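Below: one structure, written as structure tokens.
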Amino acid sequence: MILILQLLFALSLCLRADGYDYYRVVDCITSSPDLTDAEYIDTYYFNKSPYLRFNSTVGKFVGFTELGVKNAERFNKGPVVVQERGELERYCKHNLPTDFTNILEKTVRPKIRLRSEKHASEGHPAMLMCSAYGFYPPAIDVYWLKDGKMVTGDVVSTEEMRNGNWYYQIHSHLEYTPTSGEKISCVVEHASSKEPLIYNWGGSFTDSDRDKIIIGASGFVLGIILSTAGFLYYKKKSPEFV
Ligand SMILES: *[C@@H]1O[C@H](CO)[C@@H](O)[C@H](O)[C@H]1NC(C)=O
């Protein structure tokens, strides 16, 4: 993984009206948080082509065009190169650690929502949607388990979508025909959690199972109400104990 901290200097000399474009780009490049390989690169461009560069590993300016070579000679003699030699410590090593913690090592756990998009009806399968919201970084794995086995077919997933505020969202759809007693789960694997995040679909009953349970439960409650009423009535009518 390479982190490039890039600062764009748009110098005041921008002759854009005439089609000329003069600018300078400063890069701090490193591949490890200990910054042992950090480089400070300061590049001057004219009309998108680099013509002069200071590279902290080389320790001096190098020109790529006639203009660049002339400037390199001049800068390498004077205080400019001395100033540039200090920028790796002063600018890069000062800012890179913050960027590592705030950007590269930052993880934000997704909020997961698992819902039914479409209930099963005669001859039509049901559709479940598992959504992960507000996570960072974008790399994420969302998949489905049916009775503990990964579902390969009948799954449609979106790409990770940018919210535009550094966070991402993703949606996965599973088309399935409910069968009694099966267990369906949505699993999310993301850098923000060592363990996979597993969300079980609550409706592990088919619609007709659910109806039977509702009828049974209602009958049970009604039975309790009636027998309590009967008991109270009986107590009221029977003679008081002395
Ligand atoms: C800077 O110079 C070193 C040594 O020549 C080189 O390995 C490195 O690729 C250069 N970096 C850039 C960004 O050009």
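Things worth noting here:
- Convex hull volume per residue in cubic angstrom - Cα atoms of the chain: 299
- Taking the chain and dividing mean pair separation by its residue count, relative contact order in percent (alpha carbons under 8 Å, at least six apart): 11
- Applying the Kirkwood pairwise sum to the alpha-carbon positions of segment 5-104 produces a hydrodynamic radius of 14.4 angstrom.
- Taking amide H as placed 1.01 Å from N in the peptide plane, the amide H of W201 sits under 5 Å from that of I184, S185, C186, each at least 5 places away or on another chain.
- Projecting the Cα atoms of L222, N55, N76 onto the charge dipole of the chain (Cβ charges, centred on the Cα centre) puts L222 farthest toward the positive pole.
- Cα-only Debye scattering, segment 111-200: base-10 log of I(q)/I(0) at q = 0.24 Å⁻¹: -1.23
- About its Cα centre, the dipole of the chain is roughly 720 debye, where the only charges are +1 on Lys and Arg Cβ and -1 on Asp and Glu Cβ.
- Residue-by-residue Karplus 3J(HN,Hα) for segment 173-184, coefficients 6.51, -1.76, 1.60, Hz, glycine and proline x: 10, 10, 9, 8, 9, x, 10, 4, x, 7, 10, 10
- Dipole magnitude of segment 5-104, debye to nearest 20 (Cβ charges: Lys/Arg +1, Asp/Glu -1, about Cα centre): 340
- Annotation: Y44 carries an accessible surface of approximately 20 Å², with a 1.4 Å probe and no ligand, DNA or RNA atoms counted.
- With DNA, RNA and ligands ignored, accessible area of T179 (1.4 Å probe; Å², nearest 10): 70
- Between segment 129-196 and segment 24-48, the C-alpha centres lie 38 angstrom from each other.
- When the charge dipole of the chain is built from unit charges on Cβ atoms (+1 for Lys and Arg, -1 for Asp and Glu) and taken about the Cα centre, the candidate among F46, S157, S180 whose Cα reaches farthest toward its positive end is S180.
- Packing-based ranking of 169-178, 94-103, 60-69 yields 169-178, 60-69, 94-103, ordered from highest to lowest mean Cβ neighbour count within 10 Å.
- Top positive-direction residue, dipole computed over the chain with Cβ charges, set Y20, F64, H124: H124
- Residue-wise HN-Hα coupling along segment 215-222, computed from phi with Karplus coefficients 6.51, -1.76, 1.60 (Hz; x: Gly, Pro): 5, x, 5, 5, x, 4, 5, 4
The values are calculated or read from the model by the stated rules, or taken from the named source; none is laboratory data. None of the values given here were measured: they were computed from a predicted structure. FYI the Cβ positions are ideal-geometry reconstructions off the backbone, even for glycines, and counts take in every protein chain you see. In case anyone asks, the SASA skips ligands and DNA or RNA and just uses the protein heavy atoms, side chains included. Shrake-Rupley method; radii C 1.70, N 1.55, O 1.52, S 1.80 Å.
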